[in-house]
1. Inspect all residues belonging to the stretch 265-273 and state whether any of them is part of a strand (DSSP E or B) and surrounded by 15 or more Cβ atoms within 10 Å (Cβ to Cβ).
2. Answer yes or no: is there a residue in the stretch 253-265 that is over 22 Å from Ile198 (Cα atoms) and acidic (Asp, Glu).
3. Of the residues that sit in the stretch 203-250 and are more than 26 Å from Lys176 (Cβ to Cβ) and in contact with a Lys or Arg (Cβ under 8 Å, 6 or more places away or on another chain), which one is surrounded by the most Cβ atoms within 10 Å (Cβ to Cβ)?
4. Quick one: Leu329 ticks every box in (1) part of a helix (DSSP H, G or I); (2) modelled with pLDDT of 90 or more; (3) out of contact with any strand residue (DSSP E or B) (no Cβ under 6 Å at 6 or more places or on another chain) bar one, so which box is it?
5. Please go through the stretch 213-240 and pick out each residue that is over 21 Å from Tyr279 (Cα atoms) and either assigned to a loop (DSSP other than H, G, I, E, B) or at pLDDT 95 or above (or both).
6. All but one of (1) surrounded by 17 or more Cβ atoms within 10 Å (Cβ to Cβ); (2) in a helix (DSSP H, G or I) hold for Tyr306, so report the exception by its number.
7. Which number in (1) assigned to a helix (DSSP H, G or I); (2) over 19 Å from the mean Cα position of the chain (by Cα) marks the one condition that Arg283 misses?
8. Among what's in the stretch 176-202 and is in a loop (DSSP other than H, G, I, E, B) and loosely packed, with under 10 Cβ neighbours inside 10 Å, pick the residue that is modelled with the highest pLDDT.
Amino acid sequence: MDGVISLLMRRTGFIVLAGASREGKETSGRERDGVRVSICGVWAMAGEKPPLEICKGVNDLDKVVALRDARGSSAEQIEQLRRRSYALTGEVKFAQEEDIRLETTRARLSNVLKRHEELKERLSRDSDKMIFERLQKEFEAARAAQSEEISLDGEQWNDGLLATIRERVHMEADRKAISSQTSTPLDPPIHAKITYKIKNKVICCLEGARIGIQFETIFAGEPCEIYHCVLESKSFLEKMSVIEHTVPFFLPIREAENDLLSSNAIKFIDYVGEILQSYVERREQVRLIKELYGNQIGELFHSLSYNLIEFVLEDFDCKVTVSLRYADLVSILPSRIRVLAWPVHPSKKILAVDRKESGPALAQSIPSRLSYAEDALRTMSLPEAYAEIVLNLPRVLQQMFPHLGGA
């Protein structure tokens with residue numbers, strides 16, 4: 001009997017109990033192979049439903065097996081449907097999770113950019129500000145004590161003049177050192193105190209064998225920031241070195257010092273003046289387009305030195321992206337330019353046209369380069385080029401994407 005019960009359990013997958021029926025119910029059975037088997041109750045092991053009695057009154061074991069097979073087939077179909085439902089639900093959840101991740105990344109990037117701006121402002125405001133105020137007072141005192149200010153042209157600004165300035169600062173330092181050692185009254189200066197002005201640079205002699213260079217930057221004819229660089233000249237046998245400066249930390253003044261100062265001090269001073277003026281030019285151009293066209297600019301990114309600038313125009317049928325790269329830090333016009341027009345919402349425009357015409361429209365939904373805009377950015381300042389681009393943009397977009405103009 002145990003063997004038959006085991007066989008029945010293997011064939012049906014149900015639990016079979018022999019003996020009195022549950023809750024006093026009568027059992028039914030049949031003789032099979034000379035052995036009478038009592039089938040008291042068969043319960044389906046469905047996890048989500050209560051036990052189901054299916055064998056009451058069943059006299060044929062094959063019927064139980066058939067019933068079990070039919071129920072198993074239905075369970076498999078239900079399981080397949082459940083898997084499909086899970087797959088569809090999983091795709092929706094995956095898309096939602098992707099959107100959430102993108103929004104989270106965007107929020108984090110915005111937070112990083114905000115903190116970066118705050119840190120940059122704080123760095124330029126604290127220690128640099130104190131150094132600037134101290135050096136500015138020292139330069140003002142030197143210029144107030146000058147007996148003459150000489151403006152030089154390009155040819156007069158040469159190594160011979162710089163050697164003369166070095167000689168004067170050393171002689172003045174020696175005179176003060178001798179006077180302090182002998183406790184004698186300080187003799188009048190041997191040479192007149194002269195300040196030299198070369199383009200946007202003012203060069204004067206400072207206390208302690210130091211040469212001060214003041215860089216004055218301008219934009220659109222108006223004065224902007226003033227920067228300082230102080231060179232120390234211990235002797236004619238030793239090279240000069242930069243001991244103090246107020247040049248922004250992201251501009252390579254130390255690299256220029258290592259490469260140029262010992263071999264060509266004139267070139268070093270000119271180069272620092274050029275990168276400062278070019279930096280201010282690029283920065284002020286970006287500031288100006290933000291002030292004039294800020295409502296049309298959706299996103300704007302730039303490097304600290306403004307030699308990489310990217311922004312997006314979103315006030316049109318297309319999303320226009322502008323990317324500018326400058327060859328070096330002394331450039332005020334970009335060398336690598338890319339302007340792309342993206343029809344970001346073509347479907348909204350295509351709904352108004354016939355389905356037969358939507359094929360070519362969809363084919364035109366890839367970005368296109370705006371050559372006229374790139375030419376303008378290559379030859380004009382950023383505000384001038386921007387005005388030129390915006391003026392002609394609607395007409396050019398209509399020619400490139402005619403399906404966008406019908407809505």
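The values are calculated or read from the model by the stated rules, or taken from the named source; none is laboratory data. Here the structure is a predicted model, which is why all the values come from computation and not from measurement. We place every Cβ from the backbone using ideal geometry, glycine too, and count neighbours over all the protein chains shown.
1. Looking through the stretch 265-273, none of the residues is part of a strand (DSSP E or B) and surrounded by 15 or more Cβ atoms within 10 Å (Cβ to Cβ).
2. yes
3. This residue is Phe215.
4. Every listed condition holds for Leu329 apart from (1).
5. Listed by number, the residues that qualify are Leu231, Ser233, Lys234, Ser235, Phe236, Leu237, Glu238, Lys239, Met240.
6. (2)
7. So the condition that Arg283 fails would be (2).
8. Checked the stretch 176-202; the qualifying residue modelled with the highest pLDDT is Ala192.
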